[in-house]
1. Within 10 Å of each candidate Cβ there may be at most 10 other Cβ atoms; applying that plus a DSSP loop requirement, which GluC sites (Glu not before Pro) in region 589-675 survive?
2. For the full complex of protein chains and a 1.4 angstrom probe, list 744, 422, 637, 438 by accessible area with the highest value first.
3. Highest mean first, what order results for 609-619, 522-532, 173-183 on Cβ atoms within 10 Å?
4. Would you mind classifying region 372-444 by shape? Square roots of the alpha carbon gyration tensor eigenvalues, ordered a ≥ b ≥ c; an a/c under 1.5 is rounded, otherwise it is prolate if a/b is larger than b/c and oblate if not.
5. In the structure displayed, which of 435/585; 116/243; 109/242; 647/778; 202/223 lie more than 24 Å apart, Cα to Cα?
6. Add +1 for every Lys or Arg and -1 for every Asp or Glu among the other residues with Cβ under 12 Å from the Cβ of residue 195, and state the total.
7. With the full set of protein chains in place, find how many percent of the accessible area of region 380-471 is carbon and sulfur; take the probe as 1.4 Å.
8. Tabulate in residue order the Karplus-calculated ³J(HN,Hα) for region 763-772, using 6.51 cos²θ - 1.76 cosθ + 1.60 with θ = phi - 60°, rounded to whole Hz; enter x for Gly and Pro.
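The values are calculated or read from the model by the stated rules, or taken from the named source; none is laboratory data. Here the structure is a predicted model, which means the values were calculated and not measured. FYI the Cβ positions are ideal-geometry reconstructions off the backbone, even for glycines, and counts take in every protein chain you see. In case anyone asks, the SASA skips ligands and DNA or RNA and just uses the protein heavy atoms, side chains included. Shrake-Rupley method; radii C 1.70, N 1.55, O 1.52, S 1.80 Å.
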Amino acid sequence: MRLLGLPSVCKTHAILQSMNLAEVISSFSTIIGKSAGRLQSCVEYSSSTAANKDTDKEIGKMTLAENLACLVEESSCVNERKPKSRMELKRSFELRIKKRVKGQYMNQKFQDLMAKVIANPETLQDAYNCINLNSNIDTSLDYDRTSFESIAEELCSGSFDVNANTFSISTKGARKETLVLPNLKLKVVQEAIRIVLEVVYKPHFSKISHGCRSGRGHSSALKYISKEISKTDWWFTLCINKKLDACILAKLKSIMEDKIEDPSLHAIIWSTQFGVWGFPKGHGLPQEGVLSPILINIYLDLFDREFYRLSMKYEALNPCFHTDQDESYSKLRSWFRRQLKGNDLNCKSEENVSLRVHCCRFMDEIFFAVSGSKDVALGFKSEILNYLQNFLHLDVDNETEILPCEGPQGIRFLGYLVRRRVRESPAVKAIHKLKEKVELFSLQKEEAWNAGTIRIGKKWLGHGLKKVKESEIKHLADSKSVLSQVSCFRKAGMETDHWYKLLLKIWMQDVRAKAAKSEEIILSKYVAEPSLPQELKDSFYEFQRRAKEYVSSETSSTLALLPNSSSNKSDTITEIIAPVNAIKKRLLRYGLATYEGYARTTSLLILQDNTQIIDWFSGIVCRWLRWYCECDNFSEVKLLISDQLRKSCIRTLAAKYRIYENDIEKRFDSELSRIPSTQEIEQEMANETSDTQAFDNDEALMYGISYSGLSLLSLARVVSESRPCNCFVMGCPSPAPCVYTLHVMERQKFPGWKTGFSSCIHPSLNRRRIGLCKQHLKDLYLGQISLQSIDFGAWK
């Protein structure tokens, strides 16, 4: 009986270990009523037969084990009823591979990962499911036409040909640029290798690294800079820009061999080196290799460790900062305490630290901050550059100088502006609020004045063009004016209105109308205002002058008039500012706004369906607002983006149907509501606290998807029976009703996710035709999939 009960108990114990405490407690509470009767009968039976006491105990144990097993089965059935999100499913597939990888850890190294883990059909199936989830394809449906057993056999035997599973795309013209991309088989193998490498190396990455890691991302990097880095004097940034060469390849091999002992795995990784470091960043873009993010983090983890060595050197071991007063105070002990507490700024010894160095790395962009003299900051930067260039063999863009933290210009990092400002006291806030009210009141009065004078000028012009008499012209003319001087040039028989238009043209030349910003200014300043009473004009301009003086006055001089103003202590805070001017330039470059800043029609979208046009604009709004949600000027950014793109969408639909914009708003009111407003975005961000949304917003799981570059597609042709076409998204069997042309808005080599467009996409993909089903076209527009999910080699 003991042998029969032991497997059930062991099995139940193993299942219980995979469950968390909340699930176990919930399951116990659901079946406690069912199992109570059976357990009570077993207890009564064991108490009534004293002769067979030991045997009855064993029966009771077996019954309890069976009940627990039933409990786990019932709990798993309940959990299966609740549908999992896309990223939850992806994490579950990665956890399956993680268990297989950990089983290969022996003698301080991971061994035989290729033969035992990667070349396993179950691992390849899980990797394929991860690719399908990235492409937003249901993994429960059997669309798989790939034989994972044959791929596993090729990997085990070493006969897997990498070059045979690739295809290349080249640009047209004399200067050809070639892009090599993997097919589906190679992409499955790369995805499996990526998950294996993340299991091996991610637990050992430094806390200063924020790129492509679970629970970390650009938002955590910005929070670290704004909230945990304080009381610094100097800062600077470094950006690494280096293609893969022999030196980096040899060093990366030696790094990976320290933890992984598997020659076959190393061989296939280096055979897929194309596209790995071809571009510094290609977030969600086709040219970025699947292994690029993890390999970059593995290689630059050496720098992260070197930074901690330099941190100890400058903060704890530098003898220049030890004085006689610090004999009882151990800087080395304080340094270790800060590292254990995660750089807690509330440590007791924080006030005694005279020198601190900080670092924040997001992939290959690095931010540094130093508290101390400028000579110390220069020496620290010199050691950093020496290590990156001479030891890691990297090229560093050293254009950014060491800037003071208190300077007004700030510093650029991840496309944001990081700057330091003095925290305003309540008295200063009250003054600024009053100034804003005065400025707003002044602007309102100025707008009312301009509107009134423009109205007078338009009435004057309309009256003159409709009916002008000769006596009126003579009455308005002055003997010294231009009108009387040119009256001799009037030809005989010329009509009065013709002569009036000629005189008006000469008058406009006299007042230099071309230098004016608009015709309304001419009517206001040169027609209406000269005819107004002088007292009225003097009163208005005196009010405007006094208001500008008050608004432009210094806060410190105004604050000095307040009581107890000298007792207010200044406190500095770090701000993260979104580049509003850069966003406006991108709106202009992408054809969404005019030079004056007004929304305009996107002509390339006119031939698409209404829902597709609205989805495209909605995708831009969601991408940009999510990317800039951590900025201190987020209210200005969301107002600019939501208002500008909504108007551009309305004007695109108006141009499509050739009707007025007001009619479009009434006709497509429900459809336009899909473009999220600022209130909806804020509500969505406030509700991102559940576990499901935490998975969906994990930048490691959503890397290359949520903030990916958004391209512009134009309708090329409609698919017919004579020329059929399937969807180009990997794993999608649906037919494509239309073929679209991919348009690259710009080809500059800076990260495309800064603006939401695929600005650094490879030029060989420009004007490339792709077929997409309606669902995946919508997913691409809304940011549910990226261009990496598209098989550009599907077009034969």
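1. On the way: sites: 596, 630, 636, 661, 665, 671; in loops: 596, 630.
Passing sites in region 589-675 are 596.
2. Working: 744 20, 422 75, 637 0, 438 45 Å².
Largest to smallest exposure gives the sequence 422, 438, 744, 637.
3. Numbers: 609-619: 20.4, 522-532: 16.8, 173-183: 13.4.
My ranking of the peptides, most packed first, is 609-619, 522-532, 173-183.
4. Values: a/c = 5.14, a/b = 2.75, b/c = 1.87.
Here region 372-444 falls in the prolate category.
5. On the way: 435/585 30 Å; 116/243 32 Å; 109/242 30 Å; 647/778 21 Å; 202/223 21 Å.
With Cα atoms farther than 24 Å apart: 435/585; 116/243; 109/242.
6. Details: positive: 90, 91, 96, 98, 99, 100, 194, 202; negative: 94, 126, 191, 198.
Around residue 195, the charge tally is +4.
7. Values: 3160 of 5730 Å².
Of the solvent-accessible surface of region 380-471, carbon and sulfur hold 55 percent.
8. Those phi angles translate into x, 5, 8, 5, 6, 7, 8, 9, x, 9 Hz.
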